[in-house]
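Here's the structure, in structure tokens; my notes come after.
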Amino acid sequence: MSFSATFLFHGPLNDFLAKSRKDALIDYLFERNPSVKDAIEALGVPHPEVAGVLINGKPVDFQYLLQTEDKVEVFPKTENALDFKANTLQPPLPETIKFVLDVHLGKLAKTLRMLGFDTVYQNDYADKVIAALAQNEDRIVLTRDINLLKIKTITWGYWLRSQHLEEQLTEVIRYFELEEKFAPFTRCLECNGLILPVEKQEVLNELPPNTRKYFQEFYLCENCRKVYWKGSHFERMQQFIQRFSLK
């Protein structure tokens, strides 16, 4: 025997729905009383982006078992219509913000490292590897793959709406409120290792002739040993960061 409940998704959660279902009541047919979390994800919305659920006007957790004729409203983190601070389904973010990115986001990984965020990325990470890194190291998952965010062990995550780097970075900064947490030029763009000051003499053999002649201040990745200095590339990166500090 089949039962029915109605769902209404608010705000950015509509990004996961087909056009005909956006901002509309959705009839959901079910059997054997699934959890509301399973129903939400069956309709296309991954659990890490859900901040609160009301059923028949009352807040519930993800384990609530759906009943026939339930009226379900699902709210994102950015929804202002209701205050879910006391009932939020999103656990507090880790004290130290760390990310793991899927295979489509190499440029974003380098940019987050430039801002100082601990960001792990490889272009061959399987979904199960990303999920394990997120769980074992308290990392936030950033992805363009909606199904990745539905893995039950993932606690924090965000599906990037844009495919363009600057728009992606703006999304992440705003969603996770990172504006006051930048620590630019403290991580290696290539490997995510920490960058530390180093004496010129220690890296002299690694420097191009003109760099050796005109620059005196150098930094070294403690992991991959890449050498950095404040050349024209540094000025361009500073200007890039400044743009995002003002957005």
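Conditions (1) aliphatic (A, V, I, L, M); (2) part of a strand (DSSP E or B), marked per residue:
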| position | (1), (2) |
| --- | --- |
| Leu108 | yes, no |
| Ala134 | yes, no |
| Asn147 | no, no |
| Ile154 | yes, no |
| Gln168 | no, no |
| Lys181 | no, no |
| Ile195 | yes, yes |
| Asn210 | no, no |
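Taking each residue of region 1-28 that is more than 19 Å from Asp70 (Cα to Cα) and looking for partners that are part of a loop (DSSP other than H, G, I, E, B) and polar (S, T, N, Q) with beta-carbon atoms closer than 7 Å, six or more apart or interchain, yields Gly11/Thr78; Pro12/Thr78.
For every residue, the table says whether it meets (1) closer than 30 Å to Pro76 by Cα; (2) in contact (Cβ under 8 Å) with a residue 60 or more places away in the chain; (3) touching a Cys at 6+ places or on another chain (Cβ under 6 Å); (4) exposed (fewer than 14 other Cβ atoms within 10 Å of the Cβ).
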{"position": "Cys188", "(1), (2), (3), (4)": "no, yes, yes, no"}
{"position": "Asn192", "(1), (2), (3), (4)": "no, yes, no, no"}
{"position": "Ile195", "(1), (2), (3), (4)": "no, no, yes, no"}
{"position": "Phe215", "(1), (2), (3), (4)": "no, no, no, no"}
{"position": "Lys230", "(1), (2), (3), (4)": "no, no, no, no"}
{"position": "His233", "(1), (2), (3), (4)": "no, no, no, yes"}
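Out of curiosity, is Val141 in contact with a Pro (Cβ under 9 Å, 6 or more places away or on another chain) and either in a loop (DSSP other than H, G, I, E, B) or over 17 Å from Thr186 (Cα atoms) (or both)? Taking the combined requirement at face value, the residue satisfies it. Look at region 49-73: where a residue is farther than 17 Å from Pro34 by Cβ and surrounded by 19 or more Cβ atoms within 10 Å (Cβ to Cβ) and a partner is modelled with pLDDT under 95 and among the hydroxyl-bearing types (Ser, Thr, Tyr), sitting 6+ places away or on another chain with Cβ atoms under 7 Å, you get Ala51/Thr88; Gly52/Thr88.
The values are calculated or read from the model by the stated rules, or taken from the named source; none is laboratory data. These figures come from a predicted structure and were not determined experimentally. Neighbour counts run over all protein chains shown; Cβ positions are idealised from the backbone, glycine included.
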